[in-house]
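Notes follow once the structure below has been shown.
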Amino acid sequence: MSAKDGLKILKAKVALLPLRSGVYRMLDKNGKVLYVGKAKSLKKRVSSYTHFEKLPTRLQRMVSEVADLIVVETASEAEAFLLENELIKRYQPYYNILLKDDKSFPYIMFSDFSNTAFPRVSKYRGVRHNNASYFGPYASVQAVDETLDVMQKVFGLRTCSDTNYVHRSRPCLLYQIKRCTGPCVGLISQNEYQSQLQAAKDFLMGKNVEVQKQLSALMKEKSDAMEYEEAMILRDKIAALNKIQSGMDGQISTSLDADFLALFRQDNVACIQIFFFRNGQNGGTHSVFLNNLHQEENSEVLSTFLGQFYADVSIPHEIILSEMPLDKSSIEKAFSEKSGHIVKLVSSVRGVRQKMLDRAKINAQESLIRYGQETGLQKSMLKELASLMGIEKINRVEVYDNSHIQGTSSVGVCVCADETGFVKSGYKRFNINTAQTNDDFDMMREVLLRRLKRGTLEKNLPDAFIIDGGIGQLSSVRQVMEQTGVYIPTLGVAKGVDRNAGNERLFLMSNNNPIILEHDSPLLHFIQRLRDEAHRFAIGTHRNKRSKNMKKNALDKIEGVGTYRRKNLLEYFGSPNAIASAGINELLQVEGINEKIAKNIYTFFHK
């Protein structure tokens, strides 16, 4: 289509648009979403695209591709803001500023929805349920683990799964090392446990001083009663609390519930640094990089970022920013409605908050400088790789590997990299369905055939393939490409003499002659890093599958356990893990299990 066609379509649509708020989607001739936008007045906003000469080059290109326009009216600007970001996340439009960082942040969860009177505390990622308690987000798993470690020492809450908890007949190792109070076998009353549970929540809500005072008073009480062992345990708990408090900024208020966001930009790349604070507790820091920014102002970048970032992250009472985004009032209203509490966007602060914001600005600048250096090196290596493979340019490369043990638990994997580094959203796993699972060549044929067929439909094929293997694997790839009629330049990486790293031989699909790079070649190291990442991902995927298969098939190997007894065991215990942890007396409670069969099962899992 031409710009003239796109303008004609938009002008025809504008005449029918209302002056009310809403969200619009621009589509190309194939129905693919090009752009999603929100507007206080749909008619005025969309009509601005018809002034073609005033548009930036990027939007002129977009208008020339427009074949249709879809609008959704909303009751308010705040509703339009939320809907816009939901649609951006769903369709990933090419002309929108996209937050490609799909990181899911971990939380600490209390399983209040559990059927047991003794809820567990655990690390959690994913959709949050209304009938559970969550604290976070934390910037890293390490930050969660450190907090959980302190909570285990101080409060002794259980961390085991409900299945293991229900079927325990004796306390586990955590009870022996004073990190659990043993609710599974009745070593603590429900009232005492609930008291500890509330104290743990108070601790995460910033009431550290109150919790410490309670422990100090109890320690004095035990000491006065000459119960010195219990007093020493309480002393150690207080010391653990002091340690985590000393790692926090003493000037930060325990009531602070805010995120600090600082943007630093160089040309068309920006870094947004986030510091998480919930109830005065530091949840760590996280850097997000935005590429391919053009004429967008920083205020527009921040507005778009906020909507996409907080789609899946809990929203604090305050968001303190290095500069104010567009549509401040509509964002505040939208976030307040979504979170259930008043949310304020602030850019003018003083005192310790200004110090934290300044620190975030410095981190954003330093992170972007490092990112630029790493990206520059990555671009250089991709350019060298393209030259080696005899192609003009490589924007994205996919690396393939297979893993199995004597044909069992066979998997194929793909890892993806572009000029920014490894792209985790492009990683893929393939269960081997039709190939002979002990035939590496056949497995490679199946994996590449499925990838090329789907990639052709979705139009997301890379510029180059790298496979872990030599001439034999390349022959398999060549057969698949001849079958599909889709040709992707491919490089094979074969182990060198004695399978030593550094002596790899490289093969192009179009040439069987080996390419041997110097062992200290930066390009060789780059290719090795890509291959090793695929190998790591393949082994991890294979191990997970093997572990699941072992647990799934374990009961089939026990003498006397057939379909009927296996079904009864799984219905009673819930999982093979719980069956493996059960004692003989517990196994005898299952219908169809006599003493001989119970001993067979117990012996199988404990031999």
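The values are calculated or read from the model by the stated rules, or taken from the named source; none is laboratory data. This structure is a prediction, so every number in the text was calculated from the model and none was measured. Glycine also receives a Cβ, built like all others from the backbone with ideal geometry; neighbour counts cover every protein chain displayed. Heavy atoms of the whole protein, side chains included, go into the accessibility calculation; ligands, DNA and RNA do not. Shrake-Rupley method; radii C 1.70, N 1.55, O 1.52, S 1.80 Å.
Looking at the stretch 252-285, which of its residues are of a type in the set (Asp, Glu), open to solvent by 10 Å² or more (accessible area, probe 1.4 Å) and in contact (Cβ under 8 Å) with a residue 40 or more places away in the chain?
Result: Asp257, single match.
Could you list, in sequence order, the residues of the stretch 357-383 that are more than 19 Å from Val288 (Cβ to Cβ) and open to solvent by 80 Å² or more (accessible area, probe 1.4 Å)?
Leu377, Lys379, Lys383
Just for the stretch 161-190: of the residues that are within 20 Å of Lys123 (Cα to Cα) and small (Gly, Ala, Ser), which one is surrounded by the most Cβ atoms within 10 Å (Cβ to Cβ)?
Gly182
Ser189 passes all but one of (1) of a type in the set (S, T, N, Q); (2) at pLDDT 85 or above; (3) touching a Gly at 6+ places or on another chain (Cβ under 6 Å); which number fails?
(3)
Looking at (1) modelled with pLDDT under 85; (2) open to solvent by less than 40 Å² (accessible area, probe 1.4 Å), find the lone condition where Lys153 falls short.
Answer for Lys153: the failing condition is (2).
Does Phe507 satisfy the criteria of being surrounded by 15 or more Cβ atoms within 10 Å (Cβ to Cβ), within 19 Å of Asn402 (Cα to Cα), at pLDDT 95 or above and in contact with a helix residue (DSSP H, G or I) (Cβ under 8 Å, 6 or more places away or on another chain)?
Here the answer is no, as Phe507 does not meet what is asked.
Please give the strands (runs of 3 or more DSSP E) falling wholly within the stretch 54-134 in which 3 or more residues are buried (at least 19 other Cβ atoms within 10 Å of the Cβ) and under 20 Å from the mean Cα position of the chain (by Cα).
Ranges flagged: 107-110.
State yes or no: is Ile331 surrounded by 22 or more Cβ atoms within 10 Å (Cβ to Cβ) and in contact with a Gly (Cβ under 8 Å, 6 or more places away or on another chain)? Spell out the reasoning first.
Working: surrounded by 22 or more Cβ atoms within 10 Å (Cβ to Cβ): yes; in contact with a Gly (Cβ under 8 Å, 6 or more places away or on another chain): yes.
In short, yes.
If you go through the stretch 587-607 one residue at a time, how many are within 23 Å of Ser161 (Cα to Cα), modelled with pLDDT of 80 or more and surrounded by 13 or more Cβ atoms within 10 Å (Cβ to Cβ)?
6
Provide a single number: the residues in the stretch 26-44 that are over 10 Å from Val66 (Cα atoms) and either assigned to a strand (DSSP E or B) or of a type in the set (Gly, Ala, Ser) (or both).
So the count comes out to 5.
List pairs: first in the stretch 524-535 and within 15 Å of Gly492 (Cβ to Cβ) and open to solvent by 80 Å² or more (accessible area, probe 1.4 Å), second in a helix (DSSP H, G or I) and of a type in the set (A, V, I, L, M), Cβ under 8 Å, 6+ apart or cross-chain?
Cβ pairs passing all conditions: none.
Only residues that are under 18 Å from the mean Cα position of the chain (by Cα), of a type in the set (D, E, K, R) and surrounded by 16 or more Cβ atoms within 10 Å (Cβ to Cβ): list them for the stretch 413-428, please. If you could, list the steps in order and put the result at the bottom.
Residues of the stretch 413-428 under 18 Å from the mean Cα position of the chain (by Cα): 414-417, 420-428.
If we keep only those that are of a type in the set (D, E, K, R) too, we end up with 424, 428.
Once the filter is applied, which keeps residues that are under 18 Å from the mean Cα position of the chain (by Cα), of a type in the set (D, E, K, R) and surrounded by 16 or more Cβ atoms within 10 Å (Cβ to Cβ), the stretch 413-428 yields only Lys428.
Checking the conditions here, which among Glu392, Glu374, Glu398 is touching a Phe, Trp or Tyr at 6+ places or on another chain (Cβ under 8 Å) and farther than 26 Å from Gly307 by Cα? Break it down into steps so the answer makes sense when it comes.
Details: Glu392 fails: touching a Phe, Trp or Tyr at 6+ places or on another chain (Cβ under 8 Å); Glu374 fails: touching a Phe, Trp or Tyr at 6+ places or on another chain (Cβ under 8 Å).
Going through Glu392, Glu374, Glu398 in turn, the sole match is Glu398.
Does Tyr193 satisfy the condition of being over 28 Å from the mean Cα position of the chain (by Cα), aromatic (Phe, Trp, Tyr) and buried (at least 19 other Cβ atoms within 10 Å of the Cβ)? Break it down into steps so the answer makes sense when it comes.
On the way: over 28 Å from the mean Cα position of the chain (by Cα): yes; aromatic (Phe, Trp, Tyr): yes; buried (at least 19 other Cβ atoms within 10 Å of the Cβ): yes.
Criteria met by Tyr193.
Criterion first (touching a helix residue (DSSP H, G or I) at 6+ places or on another chain (Cβ under 8 Å), open to solvent by 10 Å² or more (accessible area, probe 1.4 Å) and at pLDDT 85 or above) does Ile488 satisfy it?
So Ile488 fits the description; yes.
Cβ-Cβ below 7 Å, separation at least six or inter-chain, first residue in the stretch 345-357 and assigned to a helix (DSSP H, G or I), second among the aliphatic types (A, V, I, L, M): which pairs?
Once the first residue is assigned to a helix (DSSP H, G or I) and sits in the stretch 345-357, its partners that are among the aliphatic types (A, V, I, L, M) give Val352/Ile252; Arg353/Ile320; Leu357/Ala262; Leu357/Ile320; Leu357/Val349.
Looking only at the stretch 1-25, count every residue that is under 24 Å from Lys89 (Cα atoms) and in a loop (DSSP other than H, G, I, E, B) and tell me the total.
So the count comes out to 2.
Any idea which of (1) surrounded by 16 or more Cβ atoms within 10 Å (Cβ to Cβ); (2) over 26 Å from the mean Cα position of the chain (by Cα) is the one Ser387 doesn't satisfy?
The number of the failed condition is (1).
Would the stretch 393-401 turn up any residue that is more than 30 Å from Leu449 (Cβ to Cβ), surrounded by 20 or more Cβ atoms within 10 Å (Cβ to Cβ), under 24 Å from the mean Cα position of the chain (by Cα) and modelled with pLDDT under 95?
no
Yes or no, residue by residue, for (1) aromatic (Phe, Trp, Tyr); (2) out of contact with any strand residue (DSSP E or B) (no Cβ under 7 Å at 6 or more places or on another chain); (3) part of a helix (DSSP H, G or I):
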residue	(1), (2), (3)
Leu157	no, no, no
Tyr165	yes, yes, yes
Leu187	no, yes, no
Gln198	no, yes, yes
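Write out, first by first residue and then by second, each pair whose Cβ atoms fall under 6 Å of each other, whose residues are 6+ apart or on separate chains, and whose first residue, in the stretch 393-413, is under 18 Å from Arg529 (Cα atoms) and part of a loop (DSSP other than H, G, I, E, B) while the second is open to solvent by less than 10 Å² (accessible area, probe 1.4 Å) and not polar (S, T, N, Q).
Taking only residues 6 or more apart or on different chains, the pairs are Ile394/Leu382; Ile394/Leu385; Ile394/Ala386; Ile394/Ala464.
Suppose we filter Asp202, Asp145 for residues that are over 25 Å from the mean Cα position of the chain (by Cα), surrounded by fewer than 19 Cβ atoms within 10 Å (Cβ to Cβ) and closer than 30 Å to Ser339 by Cα; which single one remains?
Asp202
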